[in-house]
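This report refers to the structure that appears directly beneath it.
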Amino acid sequence: MTHTHPRLSSVAACLALSSFALLAACGGGGGGEEPHEHTHIDSVGRLALIEAESTAVRIYDLDDKAVAAELTVSNPPSAVHASPGGRYAVVMQRLQDQVQFVDGGLWQEDHGDHMHDYKEAPVLTGFVLAGARPTHYETHEGLAAVFNDGIDGTSASVAVLSDAGIGSGSQLASLALSTHMHGTAEPRGEYLLTTHRDPMTASTLPDVVALYQREGSGYRLVEAFAETCPGLHGSFSNEDHTAFGCSDGVLVITQSGDSFSARKLPNPAEMPAEARIGTVIGHDHVQSFVGIASGLLFEIDPVAGTISPIALPADRESAARAFDAHGENLLVLDDLGNLHLLDAGNGWALRGTLPVVATMPTAAPFPAITASRAEETAFVTDPVARDIAIIDLGTAALAERLTLDFSPAGMVWLGIEAHEHAH
């Protein structure tokens, strides 16, 4: 890992202000912070957009309806994600063995008696996270885990990050594994769930989940669960559970304080014989996970111990999907370009169907979905039409379209979470 000239910390940024702004925004010097003005930024956020075969990362300002910055990373991104706090775009460059970070320029700090908002121009930070083949990225309760697959001769590894750490140009902790694998890692506070593979097996997919506990900047092994997960691919964590997709079902790890237990849920009879759950999504406010198996959706209930199908209208298949910011809606784009809004709190009842992508692409880039944390909206990219559909989640209707002059290959929302939901 290398880090050079990371983005100025909030303290450094304060020191760069004028004396008047320093007193207003940061408090005075001496014996402690003096009372200062509470600053609220009224913004609906920004979108970080990447383009296939391009090194450009564009930050689209949703307030101004324009690209606020076009930044250049070292290599064409393989994927883009949002940091746990929503301030940074995490720009994966898998084949070049590195991750870079774009500061979206909107963030919030806890000043004790109030939350203080900041707004600056987006910048590419100097923090570069090195690792062999960074691929899977998972977040949970303010932490993110980058799983580096490794390659033959270089073992897999995990880097655990926070927004504060990204801002200071450092990872919180890391773990080196025993061999390369196409794996995943789930941060759960001081614990880490990650994958293991027997180096003698032909498949690069792991089949074991292990629990680690943080010690300083590293981790110690607590246990490897006896319940196996053949062909493990895909994972997600909610408040009490973590689900891993297996070729024969789903492995659920349940946390109760410092105690962890494993349970295997078999594939249901409704799943086609050749299918398996290979992608898992979810939300902290939703007990069940959603598993994707060859475009089909399944509810994974870790408490009832069941896996059951979620049907789309006309039995369409899923092409993209995401939960909204508060876990109220599951948004599913089908293979014809129709967006279905399913009520997560009411048995996945259909709230509405909207045609949002006129021509579904047959090759990458494919449409992407992201949700705002600042208002009740979601966004769907149309790579063929070169636009973004804004969805009003309250009315389940298309609000407007944003026209682009490039074909988006990936998208995440960045910004300040609505104050009533801020932590």
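The values are calculated or read from the model by the stated rules, or taken from the named source; none is laboratory data. Since the structure is predicted, the reported quantities are computational estimates derived from the model, not experimental observations. Cβ placement follows ideal geometry from the backbone for every residue including glycine, while neighbour counts extend to all protein chains displayed. Just the protein is used for accessible areas: all its heavy atoms, side chains included, with ligands, DNA and RNA removed. Shrake-Rupley method; radii C 1.70, N 1.55, O 1.52, S 1.80 Å.
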Exercise. Please tell me the relative contact order of the range 83-210 in percent, rounded to the nearest whole number, where contacts are Cα pairs under 8 Å and at least six residues apart.
Key: 18 percent
Quiz prompt | Rounded percent of accessible protein surface that carbon and sulfur make up, the range 278-423, 1.4 Å probe | solution = 49 percent
Quiz prompt | Segments 275-286, 195-206 sorted - mean Cβ within 10 Å per residue, highest first | solution = 275-286, 195-206
Quiz prompt | Additional length obtainable on full extension of the chain from ARG401 to ALA273, 0.36 nm per residue less Cα span | solution = 42.1 nm
Exercise. Please give the per residue accessible area of the chain, computed with a probe of 1.4 Å over protein heavy atoms only, in Å².
Key: 41 Å²
Self-check item: Relative contact order (percent, whole number), the range 206-317, Cα cutoff 8 Å, 6+ residue spacing
Solution: 18 percent
Quiz item: In percent, how large is the relative contact order of the chain, given Cα pairs closer than 8 Å and 6 or more residues apart?
Solution: 11 percent
Practice problem: Treat every Asp and Glu Cβ in the chain as -1 and every Lys and Arg Cβ as +1, leave all other atoms uncharged, and give the resulting dipole magnitude about the Cα centre to the nearest 20 debye. | Solution: 1000 debye
Practice problem: First compute the accessible area of the range 112-259 with a 1.4 Å probe, then give the percent of it belonging to carbon and sulfur atoms. | Solution: 50 percent
Quiz item: Highest mean first, what order results for 150-163, 342-355, 254-267 on Cβ atoms within 10 Å?
Solution: 150-163, 342-355, 254-267
Quiz item: Gain in length, THR228 to THR154, computed as 0.36 nm per residue apart minus the alpha-carbon separation, to one decimal in nm?
Solution: 24.2 nm
Practice problem: On a C-alpha basis, how far is the centre of the range 182-214 from the centre of the range 138-166 in Å? Whole number, if you could? | Solution: 12 Å
